[in-house]
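First up is the structure itself, then whatever we jot down about it.
The values are calculated or read from the model by the stated rules, or taken from the named source; none is laboratory data. Bear in mind the structure is a predicted one, so any value in this text is a computation, not a measurement. Virtual Cβ from ideal backbone geometry, glycine too; neighbours counted across all protein chains shown.
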Amino acid sequence: MPQNPRISRVEAVVNIASGGASPEAAEKMAALLAERGVTARVHAVQGEEVGRSLRTAIESAPDLVVILAGDGTARSAAELAGPDGPLIAPLAGGTMNMLPHAVYGVRPWEEALADALESGEARDIGGGCVDGRSFLVAAILGAPALWAPAREAMRAGNLSIALGRMRRAWSRAFSGRLRYALDGGPRGKAEALAFMCPMASKVMANDEQALEAAIIDPQGLAQAARIGLSALISDWRSDPAVTSVSCRTAGVWAAGRIPAVLDGEPARLPSAARIEWRPKVARVLAPPREADAA
């Protein structure tokens, strides 16, 4: 049975440019931690300071590293901490907040942190790895990955920027199909692929030791437009041009570098990439499981 860890020293990183955090949030977090008798250092940072502060926080080996930021910053923290480093607590401070919502549910970060400090347990969290980089929620490879920046611009209300990014994404549609092989099986072709960790998947149990692979293969411009619209306003996984299977490893090849999004952050992969499931990427301070809490 998981143990409730003793939390006495905390490092916290608040990304005040992530869309859901602010300097006031950093002050509120410092007060919340002080009220619970926790020795804490809170870093309110943005831009290039975020990575440096994460590294400094983790290298100081605290009992817990709290992150109030978006999924990308949480991904970086998990990657830096690794499977044997300090516990992390990824709180909802971004725009999509897929990882915080998967761990703590959809609720205010103050409530999630207070409950985690009071009754949280140390829990291993699995994820994927692509081209040496971890992802805890999802990785999207191929032209549809270019829709993600447009979606974020729409969320922020920047319509002109969103339209520019939509035009760029549309111009890349069908510019180069991917070849792939799942678990060493036969090769196939697709416009794009997405790999979702169990906590982000809608068809897998949270403790399943595999990735959900979504094969995105629109047949013509009409289906491509439909998937692009779904990427902006709903869930493209429900589109009939998307097929989902489970896998533990995958190889992906293209004629040139592969556009990708890893936990909400744009990335460029080489023309050949390997994706694999890793059962333990990091450790999180999570609420007790329902069976444990009963």
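Here are VAL50, VAL66: which of them is under 20 Å from the mean Cα position of the chain (by Cα), over 25 Å from PRO198 (Cβ atoms) and buried (at least 22 other Cβ atoms within 10 Å of the Cβ)? Don't jump to the end; show me each part of the working.
Details: VAL66 fails: over 25 Å from PRO198 (Cβ atoms).
Answer to the check: VAL50.
Residues in segment 106-142 that are free of Cβ contacts under 8 Å to residues at least 60 places away in the same chain and in a loop (DSSP other than H, G, I, E, B): 4 in all. Between ALA89, ALA77, the distinction of being crowded, with 23+ Cβ neighbours inside 10 Å, in a strand (DSSP E or B) and in contact (Cβ under 8 Å) with a residue 12 or more places away in the chain belongs to ALA89 only. Of all residues in segment 149-164, which are of a type in the set (A, V, I, L, M, F, W, C), in a helix (DSSP H, G or I) and either surrounded by fewer than 21 Cβ atoms within 10 Å (Cβ to Cβ) or at pLDDT 60 or above (or both)? Answer for segment 149-164, where residues must be of a type in the set (A, V, I, L, M, F, W, C), in a helix (DSSP H, G or I) and either surrounded by fewer than 21 Cβ atoms within 10 Å (Cβ to Cβ) or at pLDDT 60 or above (or both): ALA153, MET154, LEU159, ILE161, ALA162, LEU163. Any chance segment 165-188 includes a residue that's at pLDDT 85 or above, out of contact with any Phe, Trp or Tyr (no Cβ under 9 Å at 6 or more places or on another chain) and either assigned to a strand (DSSP E or B) or closer than 19 Å to GLU265 by Cα (or both)? Yes: one or more hits. Every test in (1) surrounded by fewer than 24 Cβ atoms within 10 Å (Cβ to Cβ); (2) modelled with pLDDT under 90; (3) part of a loop (DSSP other than H, G, I, E, B) is passed by PRO83 save one, and that test is (2).
Inside segment 38-50, can you point out the residues that are part of a helix (DSSP H, G or I) and farther than 13 Å from ALA12 by Cα? Before you say what the answer is, go through the steps one by one.
Step one: filter segment 38-50 for residues part of a helix (DSSP H, G or I), giving 49-50.
Correct list: GLU49 only.
If the condition is being surrounded by 20 or more Cβ atoms within 10 Å (Cβ to Cβ) and over 18 Å from ALA112 (Cβ atoms), then segment 21-44 contributes only ALA44. Being modelled with pLDDT under 75 and small (Gly, Ala, Ser) holds for only one residue in ALA286, ALA254, ALA225, and it is ALA225.
In segment 1-51, which residue that is of a type in the set (D, E, K, R) and without any contact (Cβ under 8 Å) to a residue 24 or more places away in the chain is nearest to PRO288 (Cα to Cα)?
Pass one, segment 1-51, residues of a type in the set (D, E, K, R): 6, 9, 11, 24, 27-28, 35-36, 41, 48-49.
Filter again for without any contact (Cβ under 8 Å) to a residue 24 or more places away in the chain, leaving 24, 27, 35, 48-49.
Details: GLU24: 29, GLU27: 28, GLU35: 22, GLU48: 35, GLU49: 33 Å.
The extreme case among them is GLU35.
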